[in-house]
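Here's the structure we're looking at; comments come further down.
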Amino acid sequence: MIEQQATVVAVEGETAWVTAPRRPACARCARGGGCGAGLWARALGLRQARVPVDNPIGARVGEQVVVGLEEAALLRGSALLYLVPLGALLTGGVVGQGFGEEVGALAGGAAGLAAALAWLRRRGRQLALDPRWRPVILRVLPQEVPGCPGEGEQEEPCVHG
């Protein structure tokens, strides 16, 4: 299970909306090296993502939580998001090339990519309803209580939860 800390910003029945800061994929990307994700992160900013998650433990707004997602769901989702558009782009380009060399290849590739993105949008809506693909709140993190003594002033940490 892949885990991420997040903050609950809204609760709607059994679903909680959480935000978590986006982080670069790796230290090399954060420094600007690697595959270029670091460049995109700097250009677009590391905004917080607002994501719906299952809330079986009844977490409340403002609480810090740990959200989990099965590795298999992440791998299947990544494969869908990367391989389906790429395959459709290449297939459309090859088919389109038979109709008109370069212009046909460009048009076919664009048509294949558009069809793949439309299919992914529909498929994503279906998968969002499947609990195997949804992240879930695993636990609420202890929170510091305002007004607690500073560090070193007491033996036990001053936390709530």
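Rounded to the nearest whole Hz, the Karplus-based 3J(HN,Hα) values (6.51 cos²θ - 1.76 cosθ + 1.60, θ = phi - 60°) of the stretch 88-97 follow the sequence 5, 4, 5, 4, x, x, 5, 5, x, 4, with x at glycine and proline.
Amide H to amide H, with H built 1.01 Å from N, VAL18 comes under 5 Å of VAL9, VAL51, VAL53, counting only residues 5 or more places away or on other chains. For ARG139, the amide hydrogen comes within under 5 Å of the amide hydrogens of VAL66, counting only partners 5 or more places away or on other chains and with H modelled in the peptide plane.
Count charges around THR15 for me, please; just the other residues with Cβ under 11 Å from its Cβ, Lys/Arg as +1, Asp/Glu as -1.
Here the charged neighbours net out to -2.
Working note: Karplus 6.51/-1.76/1.60 with θ = phi - 60° gives the stretch 105-112 the couplings 5, 5, 5, x, x, 5, 5, x Hz, where Gly and Pro are set to x.
Which net charge results when you count Lys and Arg as +1 and Asp and Glu as -1 among the other residues whose beta-carbon is under 12 Å from that of LEU138? Cβ neighbours under 12 Å give a net charge of -2. Here the 3J(HN,Hα) profile of the stretch 51-63, calculated from phi with Karplus coefficients 6.51, -1.76 and 1.60 at θ = phi - 60°, is 10, x, 9, 5, 10, x, 9, x, 4, 10, 4, x, 7 Hz, Gly and Pro shown as x.
Every number here is computed from the coordinates shown, using simple stated rules; none is lab data. Note that this is a predicted model, so its numbers are computed, not measured. Don't worry about glycine lacking a Cβ; one is built from the backbone with ideal geometry, like all the others, and counts go over all protein chains shown.
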